[in-house]
Amino acid sequence: MRESDFNVGKFFAFLFVLILFLFMLSPLFEEGDGAKIDKNLSDIKNRVSYFHSLKSVKEIERILSDNNDFSKYREITDSAKTVIFGESKDLENGTANLVTSIVLDYRGFDTLGELIVLFISILGLTIILSTLSFAKFEEPSFLQITGVKFVTPFMILVGIYIFLHGHLSPGGGFPAGAIIATATLFSLIGCKFNYRVSNLKFIESNAGFFVILLATLGLYFTGSFFGNYLPTGIVGKLYSSSLILIIYSLVGLKVGAELSVGIKTLYNGEKDDDR
Amino acid sequence: MIFWIFIFIFILSIISSIVSITAKDLLYSVLSLSLLSLLTSILFFILNAPDVAITEAAVGAALTTVIFIFGIRRTEREDK
Amino acid sequence: MNYNLPVLLIAIPILFSFLSLILGSFNKILSKIILISVIIFNIISGICIYNSVLKNGNILTVIGNYLPPFGINLISTYTSISFLILLYIVFLVASLIFVSKNDDRADKISSVLLLYLASSTGILLTGDIFNLFVFIEIFSISNIILISIKDKKLSIKGSLKYLIITSIGASLYLFGIGFLYGILGTLNLSEISLNFDNISYFSKVFIFLFFLGSIMAELEVFPFNFWISDSYAGSKNYVNILLSGLSSIVALYIFIRLFLTVFGYPTFISFSYSLPFNVKTLFLTIFGLSVIVNELAALSSKNVKRILGFSSASSLSLILLSLSTGLKNGVMAAMLIAISVIISKPLLFLSSHQIMKGKGEKNLNSFIDGFRRNPLFSILFIIGVFTLVGFPLTPSFWGKFLLFISATEKISYTTLILVIVVFSITIELFYYFRLMHKLFIKDENIKVEKTKNNFVYIFSGILLASIIIFFSVKPYFTQNIVEKTTEDIFDKSGYIKSCLKSGEIDDR
């Protein structure tokens, strides 16, 4: 008998899952409210942001220095002004796309984490696959070569457009990087365009380095990591919300380079390259 | 009208997911998986989430399919 | 002290992991230097934060210039920061061993190790439930990579098993977050723990079970422990140290934060849950079963690394068992056992590796005549075993003693706990003493050569052993730390107040 075959364990695992499943089903057979929100929570004030109407660190420091009374600031004041495209200036983060302002400003730290998830998985791919050798693909036909040469520049153009307009229209760095990587895949299969993995890695790690550097500069200017310190400009213009524009461009470059490295490594290993 | 499009996409996506599970040939299974994510991206678009739709179309339909196909090339095409 | 120092503990390793790839392409030694210097920076600033927390209480670090609950925040409590310093010491030992070896892929692996450091720091410090998920993801991916770098079939198999189990766990966790966000509309841990009592019966059970199922995979708890056998045996030495020492700290902290601070309700001496079913009985059953199964698996295996792996899983389950009694004594016992396990497990892996050096198979029989071959590491191994098993005067002894005391208080399932603890201690004694006996068997026919120990191994072994001895010789110091940690775990309202500065909490 081998040691790794632990069949009793499988049996108990099944039993355990069954017990958990029964636990999950148990509320169905008892009287209760079901999956409803409680009365106290149906009022939006009792959910988030009841305790805070202050959002900025500097603002709270000012109030703390004046007096320690927070009770005045309890209520959610309707401070939202009407926003007009092309006219409103110096808004909170100046993006026209709401999703982008959440992804890169309110929860920028999470996006940084997701960036690192992608980075580390491609790194793991190159670490594991670097010792293997690969069989070659067959030669591309004439039709493939012509089609790819026609399509690829447009795909790269679309990718660049999407990450440059991440703060104005849907999209952003991640899908733009995926589109750029698809373009490089086409050029790899179609016309044997043999790009070097080491150059792409250089772009990738430099882009990641600058993203973190820009985020860390926030410590100096605003007093908190990932704070927005560049002028936000006029809503709806291309050169608005400068920090988000710069970070999204870097993210697009980084994701594109990363996924291209992954595809190249899966295509013919790292062996063609020196390192 | 939009309701019937919804129902059509739902049925199509369920069929493609069943095909991707049951297909003996792994290539067919991967292709139907890619069809599934394309349909999901249309659903996201109808539900007013264009950001998610673009990402799903670019990543789910294009890139993961390619990675799966590279994986199938390294191993065997038939499921046992 | 600057209140933004905790975020640098995460940002600096990430920054230098990119830099390590850039500079490592010129020279591999540069990336090794970067790795060690970043760890030293983290240790020094960790001690600074520790002192500050000791003086001023919990530190809130705001990220993105949005105060909680709008943005993401980090909270450094006494528990998290003292766990963090322990973690850095274990990490320093593992990375010193990594640096002492030659590897072609040193730049990439040191970059992975730096991200590992950043993610485990992030798990311990974060105050946001989705941010916790992101860091858990990075942590598990780096674990997968580190397990698989030995390039053997066994290691690839182990990492695949780990990949499957953690991805199931991560998806369950994501479902749980989705439910929670849909109902409460917030991702902030303090805000969730403030409002968790108000949501309805059905959703409470659902959310609780989703999180329980997801954390199980990370905790090496019994139904999900099948990945241990391959991933410990198939991975390198420093990876074993990281898996046994670091993963258990991180998993323990996630358990404490989620199931005691957020879902639990601390009263003066015990935790209670406002859930429809008896949570404590569920926990005690799962963890008790897990202790027994892991001990039996350790007893039945022949491979030394496998024995140590299963034994570390069983001691982690013992810690969780004593935590989930919910009593103050039980939590103190858990902290005492945790200190001894976290330091002695790396020591055991290190010394067993040095004792078995040069032997082809890493079986029980490769321990024969170990004392004459390598006397220093045999003594260190014996110190480690005594600490783990609970030899009198070590922290583990006091922990098990307190567990007995808490078991004899007024609870209905006292006898169950007693039986489990006695059972686990006897089995552990059996297989460790079998190993120690093998060390002193003399084979007169064969001439023994003394193995040469690398300087790094000697340094790190003696460092770990002296930390253990310090903790056991100075019981009042240990008691002070443990009592403060326990107080901090029970201080839920303090945690919430330090995050939402103006929130009102009704203490029960």
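The values are calculated or read from the model by the stated rules, or taken from the named source; none is laboratory data. All of these numbers come straight from a predicted model, not from anything done at the bench. Please note: Cβ atoms are built from the backbone with ideal geometry, for glycine as well, and neighbour counts cover all protein chains shown. Surface accessibility is based on the protein's heavy atoms, side chains included, excluding ligands, DNA and RNA. Shrake-Rupley method; radii C 1.70, N 1.55, O 1.52, S 1.80 Å.
The table below gives the values:
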read-out	value
Global geometry of the range C:322-444, whether rounded, prolate or oblate, following the gyration tensor of its Cα atoms and the 1.5 cut on a/c	prolate
DSSP-assigned coil residues among chymotrypsin sites (Phe, Trp or Tyr not before Pro) in the range C:411-467, each with at most 13 further Cβ atoms within 10 Å	C:Phe440
Interatomic Cα distance distribution for the range A:98-268, bins of 10 angstrom, percent	10, 34, 31, 17, 7, 1
Positive-end residue of C:Ala407, C:Leu320, C:Asn303, charge dipole of chain C with Cβ unit charges	C:Asn303
In nm, spacing of pseudo-spin labels at C:Lys280 and C:Phe391 (7 Å Cα→C-beta vector)	3.5 nm
Pairwise label distance in nanometres, C:Phe477 with A:Phe202, each label 7 Å out on the Cα-Cβ vector	5.1 nm
Cα coordinate range in the protein assembly as shown, projected on the principal axes (Å, largest first)	83, 72, 55
Residue-level accessible surface for C:Ile44, protein heavy atoms, 1.4 Å, Å²	100 Å²
Rg/Rh ratio calculated on Cα atoms of the range C:1-140 (Kirkwood radius)	0.99
Between helix C:304-323 and chain C: long-axis angle, C-alpha atoms, 0 to 90°, nearest 10	30 degrees
Per-residue average of Cβ from other chains inside 10 Å of A:199-208	3
Within 10 Å of each Cβ in C:67-74, the average number of Cβ atoms from other chains	6
C:Tyr253 accessible area, 1.4 Å probe, all protein chains in place, Å² to nearest 10	10 Å²
Nitroxide proxy distance, nm - points 7 Å out along Cα→Cβ at C:Thr451 and A:Phe150	6.7 nm
5 angstrom amide H check on C:Ser272, placed H, neighbours 5+ away	C:Tyr265, C:Thr267
Extension gain from B:Leu27 to B:Ile69, taking 0.36 nm per residue of separation minus the Cα-Cα distance	14.4 nm
Directionally averaged shadow of chain C, computed from the convex hull of its alpha-carbon atoms, nm²	22.7 nm²
Packing-based ranking, highest mean first, of C:28-39, C:49-60 given that Cβ atoms within 10 Å are counted	C:28-39, C:49-60
Accessible area of the range C:128-491 divided out per residue, in Å², using a probe of 1.4 angstrom	34 Å²
Entries in C:Lys101/C:Lys450; A:Lys254/C:Lys153; C:Lys32/C:Lys152; C:Lys32/C:Lys55 that, when Cα-Cα distance is taken, lie over 26 Å	A:Lys254/C:Lys153; C:Lys32/C:Lys55
Acute angle (nearest 10 degrees) that the helix C:279-300 long axis makes with the longest principal axis of chain C, alpha-carbon atoms	10 degrees
Ranked packing of C:169-181, A:138-150, most packed first, by mean Cβ within 10 Å	C:169-181, A:138-150
Helix C:375-389 axis, angle to chain C major axis (alpha carbon atoms, nearest 10°)	30 degrees
Burial ranking of peptide ranges B:21-33, C:117-129 (average Cβ count within 10 Å, highest at the top)	C:117-129, B:21-33
Accessible surface of the protein assembly as shown, 1.4 Å probe, proportion on carbon and sulfur as whole %	68 percent
Entries in A:Lys264/C:Lys161; A:Lys192/C:Lys28; A:Lys10/C:Lys161 that, when Cα-Cα distance is taken, lie over 24 Å	A:Lys264/C:Lys161; A:Lys192/C:Lys28
C versus A: buried accessible surface, summed, Å² (probe 1.4 Å, to nearest 100)	7100 Å²
Kirkwood Rh and Cα Rg combined as Rg over Rh, evaluated for chain B	1.05
Listed residue (C:Leu219, C:Ile382, A:Ala257) projecting farthest to the positive dipole end of the protein assembly as shown, Cβ model	C:Ile382
Exercise: per-residue mean of other protein chain Cβ atoms within 10 Å, A:168-176	4
